[in-house]
1. Between residues in the stretch 178-205 that are more than 16 Å from Gly29 (Cβ to Cβ) and residues that are of a type in the set (S, T, N, Q) and at pLDDT 95 or above, which pairs lie under 6 Å by C-beta distance while being six or more apart or on different chains?
2. I'd like to check which strands (runs of 3 or more DSSP E) are fully inside the stretch 309-390 and have at least 2 residues that are modelled with pLDDT of 85 or more and more than 18 Å from Asp260 (Cα to Cα).
3. If you go through the stretch 160-195, how many residues are in a helix (DSSP H, G or I), of a type in the set (Asp, Glu) and more than 16 Å from Val206 (Cα to Cα)?
4. Kindly indicate the residue of the stretch 75-103 that is β-branched (Val, Ile, Thr) and touching a Leu at 6+ places or on another chain (Cβ under 6 Å) and also surrounded by the most Cβ atoms within 10 Å (Cβ to Cβ) among those meeting that condition.
5. Here are the criteria: (1) modelled with pLDDT of 95 or more; (2) among the aromatic types (Phe, Trp, Tyr); (3) out of contact with any strand residue (DSSP E or B) (no Cβ under 8 Å at 6 or more places or on another chain). Tell me which single one Phe238 does not satisfy.
6. Please state which one of Leu233, Leu229 is touching a helix residue (DSSP H, G or I) at 6+ places or on another chain (Cβ under 9 Å) and either in the same structural domain as Arg334 (by TED's automatic domain parsing) or not acidic (Asp, Glu) (or both).
7. Pick from Gly235, Gly209, Gly251: which is surrounded by 18 or more Cβ atoms within 10 Å (Cβ to Cβ), free of Cβ contacts under 8 Å to residues at least 40 places away in the same chain and not in a helix (DSSP H, G or I)?
Amino acid sequence: MAKTIRYGYIFEQTEKAFSQGKKLIIHKGGTGSGKTYDLMLFLVVFVAMRQKGKVITVVSESKPHLDIGAIRIAQKILMDLGLSDQVVFNSTRAIFTFPTQSVIEFFSADRIEKALGARRYMLYGNEINTLKFDVWDELARRSEFVIGDFNPTAEFWLEKFLAYYGEHVIIKSNYLNNPFLPEEERKRIELRANLDANFKRTHVDVEYGSLEGLIFDNWKQVDEMPKDLDWELRGMDFGFTNDPTALVRVGFKDGELWLDEEEYSTGLLASDIARLLGKLGLTSQDEVIADNKPETIFELRRAGYNVKAAYKPAGSIVAGIDSMKRYRLNVTKRSLNLIRELRNYMWKLDSSGKALNEPIDKFNHAIDAVRYAVMAKTLGRKRMVRVGRV
C-alpha cells in the first residue's frame, strides 16, 4: 500500500508553476533549501506516477554526483512511499521504470551524447551552473518542460539562456524554506553566514556571490588516475567530531598533479584509519604524509603503515598553496568533496574586497591533505622524515 510523504516549499511552488502551464521553471536556492529532494519528489509523484509513457531526464555534472544525489534521493522516496516493489530500477542504465510506463533516466554531462538528440517530456538539470551552456541548451530545446536548479555562487550563462527561451519563472529559496532541515545543519548555516558575507549573500539572501578571492582555478575533472605515474603518495588531514579525516591519493605525470579522494569522513579513530589503509591495500612501502598529530601517527605506524608528519612551520599554508598552484590539478570525478572544496576555498578579503594572502579556514580538509603531500615532494624526503617524527 502506498504511503504518504512530507513535501516542502519547493515542491509546492513547482507544482503550482507546472499546473499553471509554465514550461520553464528555475530554482535559485541556497544550501539547505531542499531543492534536489523536493524536485525529485515532484518528478516521482506528480509526473512519473500520474502520467503514462513520459520520458523524464535528469542531468548533472558527473555520475558520482548523481549516485549520491538525485539517484539516492529517488530510491529513498520510493522506499518511503512503499513503491520500491512497483518501480523497476536498471542500475546499469540508471533508469527507473514506473507502472505507468513513464521513465526517469539519469545522465551525467560528460556522458550525454546519447541524450542530446532525443526528445523528452521533462528535463531536470541538477546544479545547472556546473553544466556547459551548449549541453544544457541542446537538451532544453528537445524538452517539453524544463526544470533547473542552482546555488548562486557566481553568475553564469543563465541570463543568456533565459533570453533565448522566453517565458519562465524563477523561484528563490533558502534554508528557512525547508522545515525538515536538521537543527544542527541550520545552526551551521547561520554561523557561517554571520562570519562570511559572501556566503550570506549567496545562501541566505540568494543573490549571486562573487568568486573574488577564489584560490584554485587551475583544475579540471578526469575519469580516473593514469596507470603510469611518475610518482605517487597519499596526503591525509586528520579530523574527528566535526571535521572530516581526508585521505587523497596524489600523483604526478607530465608536469601535472593527479588527485583522487579515497576517504572523507568524520568520527574516525586511529584504529578506523588503520583498517581503511588496509582495505586500500597500503603497505609499509606506501608513503602517507599526514597532519602533525603524534599520537595518531604513532598508532598508525605501530599498525605497520608508513605515515609521516607534515612539515608545518609558519607560512607553510601559503607556501603549500603556491606549490599546488604551480601545476594543473587533474581531479577524479568521484572526488566530490575535494571538488566542492576547490570551488569554495577562498582568500580572505580586505574592506575594499581585495584578496589578502591568507586563506579562509573553511573548505580545506582534502586540500590540506593534498598540500601535505605536495610539500613533502617540494621539501624533499629527508626533511619530511625528520620533522614531526614519532
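1. none
2. 347-349, 355-359
3. Total meeting the criteria: 3.
4. This residue is Val87.
5. That leaves (3) as the condition not met.
6. After applying the criteria, what remains is Leu233.
7. Testing whether each residue is surrounded by 18 or more Cβ atoms within 10 Å (Cβ to Cβ), free of Cβ contacts under 8 Å to residues at least 40 places away in the same chain and not in a helix (DSSP H, G or I) leaves just Gly251.
Each row is one residue, and each column tells you yes or no for (1) in the same structural domain as Lys23 (by TED's automatic domain parsing); (2) more than 17 Å from Thr57 (Cα to Cα); (3) modelled with pLDDT of 90 or more; (4) surrounded by fewer than 19 Cβ atoms within 10 Å (Cβ to Cβ).
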{"position": "Gly125", "(1), (2), (3), (4)": "yes, no, yes, no"}
{"position": "Ser143", "(1), (2), (3), (4)": "yes, no, yes, no"}
{"position": "Ile147", "(1), (2), (3), (4)": "yes, no, yes, no"}
{"position": "Pro152", "(1), (2), (3), (4)": "yes, yes, yes, no"}
{"position": "Trp157", "(1), (2), (3), (4)": "yes, yes, yes, yes"}
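The values are calculated or read from the model by the stated rules, or taken from the named source; none is laboratory data. From a predicted model like this one, the values you see are computed outputs, not experimental measurements. Neighbour counts are summed over all protein chains in view; Cβ atoms, including those assigned to glycine, are modelled from backbone coordinates with ideal geometry.
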